[in-house]
Amino acid sequence: MAAHRCSLSALLLIICSLLVFIVADSEKATLTGDHHATAVDNLQTVTETEEGAAAEEPAVEEERRWEETVVEEATADKEDTSAPETVVQSSVPQPKDDFQEELVIRPLHSGDIYASFQFRTLWETDFMRGNKVSHYRLFPKSLGQVISKFSVRELHISFTQGYWRTMQWGQPFLPSPPGAELWVWFQDSVTDVDGTWKELTNVLSGIFCASLNFIDSTNTVQPSASFKPLGIGNVTDHRFLRYATLPREIVCTENLTPWKKLLPCGSKAGLAVLLKSEKLFHSSFHSQAVHIRPVCQDWQCKTTSWELRQTLNVVFDLHTPGQGKLEWSLFKMFSRTLTEACPLASSSKIYIDITDDPQGEQFEVSPATHLLSQAMVLGDRRTFSVYDLTQQITFGTVRSLNLLIRWKSSEGDMLRPLLHAERYVAGYGLQTGEIHTLMYNNHPYRSFPVLLLDSVPWYLRLYIHTLTVTSKGKDNKPSYIHYQPSKDRVRPHLLEMLVQLPPNSVTEVTVQFERALLKWTEYTPDPNHGFYVGSSVISSLVPSIVAMDTNSTREQPLFSSFFPCKEESSYFMRVYTEPLLVNLPTPDFSMPYNVICLTCTVVAVGYGSLYNLLTRSFQIEEPSPGLAKRIANIIRKMRGVPPL
Amino acid sequence: MAAPLTLLLLVAVTVRAALYRSSLADLISERVEVVSPLTAWKRVVEGLALLDLGVSPYSGDVFHETPLIIYLFHFLVDYAEITFMLADVITAVALYLSVKDYNKQVFRKQKYALEADRYPLDCLELIRSPKEMQYIPLKVAMFYLLNPFTILSCVAKSTCGLNNAVIALFVLSTIKGNVLLSAIFLSLATYQSIYPLTLCAAALLYLLQRQYIPVNLRRFSFWWFVAQYAFMYLGSLFVIVGLSFFLLGSWDFLPSVYGFILSVPDLTPNIGLFWYFFAEMFEHFRLFFLCVFQINVFFYTVPLSIKLKEHPVFLIFMQLAVISIFKSYPTVGDIALYMAFLPVWSHLHRFLRNIFLVSCVLLACSALFPVLWHLWIYAGSANSNFYYAITLLFNVAQILLVSDYFYAFLRREHHLSHGLYLKRKDGSEATLVLK
């Protein structure tokens, strides 16, 4: 046994070093190729493990039936695995465009409910070709025109209200920072990237009714390593990448309505009927996003198609109106039930995550379904109950589907997320301060590298020489640092670094800054509220939870549990920290005139006294004659008589 | 004379070394009165860190020192404390030597004038004796080295100390009559912070006087000398700027150093007049007032040189004072430099009008700076106007001090030519007025 452990740890060591190598390499263009290779392997393993799982399952529950196809891993983060998976899906003969919709519901350990909508439109077309695409069917025309007009290769935009609490809720399927986030890869044919970016943000601002027009050079950065293209294409020159966040942006109905209009069925049919804004915005967390990227159409990647993915994630806090009895239903959450799938959709499904409760002990789901599916989500193997809305049987006799979950007991603890981060500002007063970023690696024995991206506005002047990275009380020197200092009123600070997180540790990154005094017109209307600093972005290949499970309590076939396989050993993850709210010293806004007058007076005093001394000369003061004498003299002068 | 000076230097160095070791050093180096964005040591270290990261220090807006400073500290960063103490010592010794030389000349001139009977009879009181002039150089060194402003500036490692050393060396070489060195040091000072450019008039006047060339615009010898000096000055400036270009490989430092000084984008509070004025300025008037304020610094050169063409050393003092009051990022280190010259004019004290008031205001303001800063930034119980009010008062006091000395100087000169006890036409005692 000891020998086994030895060999195991040796293997782990090798994998760790391999990981470091891969991530270190990921700044270079080789990344995409690497990814495809791993992803293809990954796919095979998924099927393998599934077989393994399937082999053991029937003994437990005879009547449950596994879904035939591999569940498309739409929900998993895309960069790692999803591209080839979509290939599997699209290898089925199909029309030139295709629309799918799904809803994943996951009861969270905190008692909240996480609902994640995904709508995907695939279209085999080429926006970039000379002839204008004019016939749009499922793909929204407004976005199609944006892609061709601005030569966009990839576009990712998200609007988020609230902060995702990783420690309570686990990992989201699609992470997003509070406020608005926009990142775009342009085609390498674009010459004036900054100009195109400016126009694009203004157009998107109109499409989504958001203040994206506030994106300018002072909050746009070009990350060198953190944001790689998620679709096909191997141009990774970060000159064509623009990334901007607006942490102050408030998301509301006016952003949801245009987002819903991009769907082929609008909010008339399908899952989108649930998206009622009065319920969606009465939640702990709300995030809506649009992702556009080119994907492969077949195995050989001979043809490409455009993928538009609209996602909407929402976390409902059901404790407050629950009054002790914990249950929720589609009707309670969205004040609507489902009656049909979107007729244009080729697939329309609802998944309910029952991984934590395979036996139905903690909660029960009704109506019950026998369709189960399993998928690798964020490095964890999850089991889902599936409701296929294209089948009439799903809606039963009442012709409407109202899913209902009733909690029986609320115990059970969540596996702590392997990677999690938080950030705060330390120090007091309005002169200086220190930004602390804490990154937690909760893996018991594996270290992994993370890429930290910080974009700090120019009015917090960072001092890079005060940068310290410590883990476990020791100095942890980043192996890669990309730093771009700010220019006043032109561009923000950009700090990117690759840090190795030791196992089971907290890594603290601190950097000091100085608060600038701005011109009085540069302050926001409520200057004493403070200024927002966008979230740090932590991107990482995290060792998967499945691979961590060496002392598994689960029944597993012996042949599958000895070597942690490489494909499962890591997955891509992105974590956003809290945005910061920083106060700056303010001038008195009420007295520009007074200040101008007073300062000018002082300068005039200086000028006047020197002028006086420079131009005049000393003379003996003669007593001036009296008034009467002077008048008499004037009269005498007029008369032509000599004065007195 | 060397022994008291050595003792003074020892005391000064000890005080500084003790403060470097104390916990006050960190506190002092953060004070906005002591360091400006141009001279902060923190920013020098940041520039070095950026160089180490392979980023040009001028690509950002944190570092605004000249390339020579960054290369100087590239080698001396571990000996920074010694460098700054040395700079102060050099300044003090240079001022000491130059004032000693200057006093000798003043005395000689006075002797010739006495021999030629040029002074009115009742002016004997105004004649300076060698005895009272003996300790002036030492007092100058003491005023510089033991001035709390200099000590603070040195402990904060403000590069203002280095600029002061360069200017002091310029004064020394000018007074010693070394034309080449004077031009080189002046170009170095200009290279460091533009404003000392205005000192070239004073240097020219002094050197002309020393070489007995009359200031006459129609004389060839005058123009020839001016051309020589300008050539040396511009030549060395060109060499220094070119050297910086070759060290750095780009011209980035020009907008980042000189553009920064002239356009005042950084509104961090300081003891000057610029920060709050331009923070509160209406955007469309900004350029206009920027030009007015910057021209204001250079403007006084011509009238002052005309008025003081016989007294170039006093002109240097006036120029230094004007620069330190009206420059865009002043610190207390700049004030310390012109204040070091005050003992040289100790014979003017009988003509000063409001020295007591001014010194009280200066002392009170110096004490109020940290108090009001604390109230605004840390306690939150005051706002920016409080600190601004103190900077205004401080500057008014400085202006009054300088103009008072100017007045006293002019008045003494007037008395030396017209007699001390002036009478009216009717024989009663007269009062002097400016007309």
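We did not get these values from a lab; they are worked out from the coordinates using the rules stated. Note that this is a predicted model, so its numbers are computed, not measured. Methodologically, a virtual Cβ is constructed for each residue, glycine included, from the backbone with ideal geometry; neighbour enumeration extends over all protein chains shown.
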Exercise for the section: Apply the Debye scattering formula to the range B:107-187, with a single equal point scatterer on each alpha-carbon and no solvent, then give log10 I(q)/I(0) at q = 0.10, 0.15, 0.18 Å⁻¹. Expected result: -0.44, -0.79, -0.92
Exercise for the section: Within 10 Å of each residue's Cβ, count the other Cβ atoms and sort B:Phe143, B:Phe73 from fewest upward. Expected result: B:Phe143, B:Phe73
Completion exercise
Of the listed links A:Lys228/A:Lys302; B:Lys100/B:Lys435; B:Lys100/B:Lys309; B:Lys111/B:Lys131; B:Lys109/B:Lys435; A:Lys261/A:Lys332, those spanning more than 26 angstrom between alpha carbons are B:Lys100/B:Lys435; B:Lys109/B:Lys435
Handout entry: Largest-first ellipsoid semi-axes for the protein assembly as shown, taking √(5λ) over the Cα gyration tensor eigenvalues, angstrom
Key = 77, 31, 25
Completion exercise
Most exposed first, judged by fewest Cβ atoms within 10 angstrom, A:Val386, B:Val34 run A:Val386, B:Val34
Practice task
For chain B, with a Gaussian network of springs between Cα atoms less than 10 Å apart, report the residue from B:Ile70, B:Ile213, B:Ile167 with the top mean-square fluctuation.
Solution key: B:Ile213
Problem - Loop trypsin sites (Lys or Arg not before Pro), the range B:126-178, which have at most 16 other Cβ atoms in a 10 Å radius of their Cβ (DSSP) - result: B:Arg128, B:Lys176
Fill in the blank from the handout: Scalar couplings 3J(HN,Hα) for the range A:518-523 by Karplus 6.51 cos²θ - 1.76 cosθ + 1.60 (θ = phi - 60°), nearest whole Hz, x for Gly and Pro, are 9, 5, 5, 7, 8, 7
Completion exercise
Which residues qualify? For A:Thr125, with a placed amide H closer than 5 Å and at least 5 residues away or on another chain, they are A:Trp306
Problem - Radius of gyration and Dmax over the Cα atoms of chain B, both given in Å - result: 22.6, 81
Problem - Isotropically averaged projected area of the range A:122-226, using the convex hull of Cα atoms (one quarter of hull area), nm² - result: 8.7
Problem - HN-Hα J in Hz across the range A:255-272 - Karplus 6.51, -1.76, 1.60, θ = phi - 60°, x for Gly and Pro - result: 8, 6, 4, x, 5, 5, 5, 6, 6, x, 8, x, 10, 8, 9, x, 5, 5
Problem - From phi via Karplus (6.51, -1.76, 1.60), per-residue ³J(HN,Hα) for the range B:157-168 in Hz, x at Gly/Pro - result: 6, 6, 5, 4, x, 5, 4, 4, 4, 5, 5, 5
Completion exercise
Counted neighbours (other Cβ, 10 Å), sorted fewest up, put A:Arg446, A:Arg639 in the order A:Arg639, A:Arg446
Practice task
Note the angle between two axes, namely the Cα long axis of helix B:312-326 and the longest principal axis of the Cα atoms of chain B, as a number of degrees from 0 to 90, rounded to the nearest 10.
Solution key: 40
Exercise for the section: List the relative contact order of chain B as a percent without decimals, with contacts defined as Cα pairs under 8 Å and 6+ residues apart. Expected result: 20
Completion exercise
Among the range A:599-619, those whose backbone N falls under 11 Å of a label point 7 Å along Cα→Cβ from B:His418 are A:617-619
